[in-house]
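J.: The structure under discussion is supplied below as structure tokens; questions concerning it will follow.
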Amino acid sequence: MTETADTLTTSSRRLQSLTQALDSGAASQISKLLSSLHPAEIADLLESFPHGPREVLWDLVSPDDHGETLVHLNDEVRVGLIDEMNADDLVAATNGLDTDDLADLFEDLPDAVVREVLRSMDKQNRERLVAVLHYQEDTAGGLMNVDTVTIRADVTLDVVLRYLRLHINVPDNTDNLIVVDRDDNYKGVLSLTTLLTNDPELLVAKVMTRDSVAITAATPDTEVARLFETHDLLSAPVISETGKLLGRITIDDVVDVIREDADHSLLSLAGLDEEDDTFAPIIKSAGRRAVWLGINLATAFLASWVIGLFQATLEQIVALAVLMPIVASMGGVAGSQTLIIVIRGLALGQICSTNARWLMYKELAVSALNGIAWAMVVAVIAATWFQDRTIGIIIGAALIINLIIAALAGLSIPFLLKTMKIDPAHAGTVVLTTVTDVVGFMVFLGLGTIFLI
């Protein structure tokens, strides 16, 4: 916790320093600060500035850091900066990028720049890039880097050591050497620790690990992240369906996936996108949010229509209008608790058809217990407030019913939306709010009409 707080404090200080330097026009001070930062840190700072100051800062970033910084920016900010760069600068920015990073950047580059970059690459690197571009961005194939160190099982450790010494550069985050046969079929891995601590005369086949995790190229990135977490991996080979080695994924790529998924889960609950620019123009931001506000307005009118059906009841018994929001609000909170649990479980692969029924029983039981407990509290308060025991009983019964319905809705809505190929994190909250409001008003006002009119 302390380390996180220190990191946030450091980022805040940098942001303040850059803002003051921009206001005073101290370009040399800004360049010095930016040159001392990692490209990912530069990207975070650029995302923290609105248009105008952001472009000024970008011009002061060292051209050597342009490529790596663009890779770490979210999509909308990246596209905005790319639009400001000329073709020669963009081609230069791609030099030295890892294949997986270059593949991420390619979809945002102008066609003319893409053609120029491909022309400037040698045949081997061009083939590597095409191999990565063949796969969806959110799969293991889209995450992988094809720059790997491979060895054969029938050579000695001494031969491997001499082979490594001949390599000018070993790929970053190399903790294992990948063992393949003559046809590049994956056979296992040899850890660097094993290589350095065993007799050099031993064959690789004697000390290699044959049952290490290998990930097929079509595996979704969320499943890749789960495998890295479960097996405490630093890297993992990526293979084809037939077992041929394609590349490898390293922990730095997986951390990016975890962060993006966390941002997506949080922002989607508000109908927002993690790739949106925080400082996007007002009109653009307003347009995006207007869509979900419009959907919410439509559902609010539905709830209002239900209330309108009981207008005569409300005119006679004002107490119902006063207490009505309590039922809907409690149902909304209870349903959201279940909804978030289910969305998280689906994202982590912890919930499927085999255990969904058990989870339903559990959530119904939890909601029933909470419903009974809080219904008693609310019933006593309402009966005392309005000096009417019947009103207390009615709101207590409505509360129990709505909390149970909310649990059912929170559990079933994510499954229904997934079946319809709609992201539950995006639309789940809106649908749930509609259900709990409509059911809450209907039950409470319906019971009031039956027993009080």
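The values are calculated or read from the model by the stated rules, or taken from the named source; none is laboratory data. Keep in mind it's a predicted model, so treat the numbers as computed, not measured. Methodologically, a virtual Cβ is constructed for each residue, glycine included, from the backbone with ideal geometry; neighbour enumeration extends over all protein chains shown.
J.: Restricting attention to segment 355-379, report how many residues are over 18 Å from residue 324 (Cβ atoms), in contact with a helix residue (DSSP H, G or I) (Cβ under 8 Å, 6 or more places away or on another chain) and not acidic (Asp, Glu). Outline the logic, then answer.
T.: Taking segment 355-379 first, the residues over 18 Å from residue 324 (Cβ atoms) are 355-370, 372-373, 376.
Filter once more, keeping what is in contact with a helix residue (DSSP H, G or I) (Cβ under 8 Å, 6 or more places away or on another chain): 356, 359-360, 363-364, 366-368, 370, 372, 376.
Going one step further and asking which of them are not acidic (Asp, Glu), we end up with 356, 359-360, 364, 366-368, 370, 372, 376.
Here the count works out to 10.
J.: To continue, here is another question. From the list 102, 109, 45, which residue is under 24 Å from the mean Cα position of the chain (by Cα), part of a loop (DSSP other than H, G, I, E, B) and modelled with pLDDT under 90?
T.: On the way: 102 fails: part of a loop (DSSP other than H, G, I, E, B); 45 fails: part of a loop (DSSP other than H, G, I, E, B).
Just a single option satisfies the conditions, and that option is 109.
J.: Residue 400 is checked against (1) without any contact (Cβ under 8 Å) to a residue 12 or more places away in the chain; (2) under 22 Å from residue 445 (Cβ atoms); (3) among the hydrophobic types (A, V, I, L, M, F, W, C) and fails just one. What number does that condition carry?
T.: Of the numbered conditions (1) without any contact (Cβ under 8 Å) to a residue 12 or more places away in the chain; (2) under 22 Å from residue 445 (Cβ atoms); (3) among the hydrophobic types (A, V, I, L, M, F, W, C), the odd one out for residue 400 is (1).
J.: Separate question: For segment 158-189, how many residues are part of a loop (DSSP other than H, G, I, E, B), of a type in the set (A, V, I, L, M, F, W, C) and either touching a residue at least 40 places away in the same chain (Cβ under 8 Å) or in contact with a Leu (Cβ under 8 Å, 6 or more places away or on another chain) (or both)?
T.: Of all residues in segment 158-189, those part of a loop (DSSP other than H, G, I, E, B) come to 167-175, 181-184.
This time we only want the ones that are of a type in the set (A, V, I, L, M, F, W, C), so: 168, 170.
When the remaining residues are screened for being either touching a residue at least 40 places away in the same chain (Cβ under 8 Å) or in contact with a Leu (Cβ under 8 Å, 6 or more places away or on another chain) (or both), the result is 170.
The qualifying residues number 1.
J.: Just a yes or no: is a residue in segment 9-30 surrounded by 13 or more Cβ atoms within 10 Å (Cβ to Cβ), touching a Phe, Trp or Tyr at 6+ places or on another chain (Cβ under 6 Å) and in a helix (DSSP H, G or I)? Steps first, please.
T.: First pass over segment 9-30, keeping only residues surrounded by 13 or more Cβ atoms within 10 Å (Cβ to Cβ): 11, 14-15, 17-19, 21-22, 26-27, 29-30.
If we keep only those that are touching a Phe, Trp or Tyr at 6+ places or on another chain (Cβ under 6 Å) too, we end up with none.
Taking every residue of segment 9-30 in turn, none turns out to be surrounded by 13 or more Cβ atoms within 10 Å (Cβ to Cβ), touching a Phe, Trp or Tyr at 6+ places or on another chain (Cβ under 6 Å) and in a helix (DSSP H, G or I).
J.: A further question follows. Determine if segment 382-393 includes at least one residue that is farther than 30 Å from residue 318 by Cβ, loosely packed, with under 15 Cβ neighbours inside 10 Å and assigned by TED's automatic domain parsing to the domain that holds residue 431.
T.: Residues of segment 382-393 that are farther than 30 Å from residue 318 by Cβ, as a first pass: none.
Scanning segment 382-393 turns up no residue that is farther than 30 Å from residue 318 by Cβ, loosely packed, with under 15 Cβ neighbours inside 10 Å and assigned by TED's automatic domain parsing to the domain that holds residue 431.
J.: On the basis of being modelled with pLDDT of 90 or more, touching a helix residue (DSSP H, G or I) at 6+ places or on another chain (Cβ under 9 Å), of a type outside the set (Gly, Ala, Ser) and assigned to a helix (DSSP H, G or I), does residue 417 make the cut?
T.: Details: modelled with pLDDT of 90 or more: no; touching a helix residue (DSSP H, G or I) at 6+ places or on another chain (Cβ under 9 Å): yes; of a type outside the set (Gly, Ala, Ser): yes; assigned to a helix (DSSP H, G or I): yes.
When the stated conditions are applied, residue 417 does not pass them.
J.: Of the residues 95, 86, 169, only one is surrounded by fewer than 16 Cβ atoms within 10 Å (Cβ to Cβ) and within 29 Å of the chain's Cα centre (by Cα); which?
T.: 95
J.: Only one of these is surrounded by fewer than 17 Cβ atoms within 10 Å (Cβ to Cβ) and over 29 Å from the mean Cα position of the chain (by Cα): 50, 63. Name it.
T.: Details: 50 fails: over 29 Å from the mean Cα position of the chain (by Cα).
Just a single option satisfies the conditions, and that option is 63.
J.: Collect the residues in segment 195-234 that are out of contact with any strand residue (DSSP E or B) (no Cβ under 6 Å at 6 or more places or on another chain), under 15 Å from residue 142 (Cα atoms) and assigned to a loop (DSSP other than H, G, I, E, B), keeping them in residue-number order.
T.: Answer for segment 195-234, where residues must be out of contact with any strand residue (DSSP E or B) (no Cβ under 6 Å at 6 or more places or on another chain), under 15 Å from residue 142 (Cα atoms) and assigned to a loop (DSSP other than H, G, I, E, B): just 219.
J.: Any chance you could count how many residues in segment 354-381 are touching a residue at least 24 places away in the same chain (Cβ under 8 Å) and either exposed (fewer than 12 other Cβ atoms within 10 Å of the Cβ) or within 11 Å of residue 399 (Cα to Cα) (or both)? Break it down stepwise before answering.
T.: The initial filter retains those residues of segment 354-381 that are touching a residue at least 24 places away in the same chain (Cβ under 8 Å), namely 356, 359-360, 363-364, 366-368, 370-372, 374-375, 378.
Adding the requirement that they be either exposed (fewer than 12 other Cβ atoms within 10 Å of the Cβ) or within 11 Å of residue 399 (Cα to Cα) (or both) leaves 367-368, 370-372, 374-375, 378.
Within segment 354-381, residues that are touching a residue at least 24 places away in the same chain (Cβ under 8 Å) and either exposed (fewer than 12 other Cβ atoms within 10 Å of the Cβ) or within 11 Å of residue 399 (Cα to Cα) (or both) number 8.
J.: In segment 61-79, which residues are over 15 Å from residue 94 (Cβ atoms) and touching an Asp or Glu at 6+ places or on another chain (Cβ under 7 Å)?
T.: First, the residues of segment 61-79 that are over 15 Å from residue 94 (Cβ atoms): 61-62, 74-77, 79.
Once the filter is applied, which keeps residues that are over 15 Å from residue 94 (Cβ atoms) and touching an Asp or Glu at 6+ places or on another chain (Cβ under 7 Å), segment 61-79 yields 74, 75, 76, 77, 79.
J.: How many residues are farther than 14 Å from residue 34 by Cα and either in contact with a strand residue (DSSP E or B) (Cβ under 9 Å, 6 or more places away or on another chain) or in a helix (DSSP H, G or I) (or both) if we restrict to segment 56-99?
T.: Qualifying residue count for the region: 24.
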